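Quick notes on the structure that follows.
Each value in this text was obtained by applying a stated rule to the coordinates, not by laboratory testing. Note that the coordinates shown come from a computational prediction; the quantities given were computed from them, not determined experimentally. Backbone-built Cβ (ideal geometry, glycine too); neighbour counts: all protein chains shown.
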């Protein structure tokens, strides 16, 4: 299932993060450290107060999952995480929801 195409870039980043965390919650792949190149998403997730923006529902859901997983998220520049960038580009060409365990796409 793809993210709705009318979502903002920030909402799409948060949606992808939520889907990945939901998958981890189902499979219990622990320990987990989540890295993202979306500084705006990481800033929203690091705030203590409730997010009242359009993306607030996604932020609240991500917080709920992170608490259940005892996991953390952190910002990593895109230049330091080329695998994630390649997977994101690959996802633009496929219709179905994909998960990779082990080696990602070439």
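Highest GNM mean-square fluctuation, the chain, Cα pairs closer than 10 Å: which of 45, 58, 69?
Looking only at 45, 58, 69, the largest GNM fluctuation is found for 69.
Specify the residue with the greatest mean-square fluctuation among 82, 12, 60, computed from a Gaussian network of the chain linking alpha-carbon atoms under 10 Å apart.
Looking only at 82, 12, 60, the largest GNM fluctuation is found for 82.
Mind jotting down the three principal axis lengths of region 9-91 based on Cα atoms? Whole angstrom, largest first.
32, 28, 19
What number, rounded to the nearest 500 deg cm²/dmol, is the helix-based mean residue ellipticity at 222 nm of the chain, given -39500 (n - 2.57) per DSSP H run of at least four residues and division by all its residues? Can you show the working numbers first?
Working: 4 runs with 51 residues, N = 106.
Mean residue ellipticity at 222 nm (helix-derived): -15000 deg cm²/dmol.
In what order do 23, 75 fall by count of nearby beta-carbon atoms within 10 Å, going from fewest to most? Spell out each step's value before the answer.
Numbers: 23 13, 75 16.
Ordered from fewest to most neighbouring Cβ atoms within 10 Å, 23, 75 come out as 23, 75.
Just want to confirm a number: the relative contact order over region 25-91, from Cα pairs under 8 angstrom separated by 6+ residues, in percent.
Over region 25-91, the number comes to 47 percent.
Comparing 34, 94, 57, which has the greatest mean-square fluctuation in the GNM of the chain with Cα pairs linked when under 10 Å apart?
Looking only at 34, 94, 57, the largest GNM fluctuation is found for 94.
Measuring from label point to label point, each 7 Å out along Cα→Cβ, what is the residue 57 to residue 74 span in nm?
In this crude label model, residue 57 to residue 74 measures out at 3.2 nm.
Give, in nm to one decimal, the length gained when the segment between residue 48 and residue 101 is fully stretched (0.36 nm per residue of separation minus the Cα-Cα distance).
Full extension of this stretch gives 15.9 nm more.
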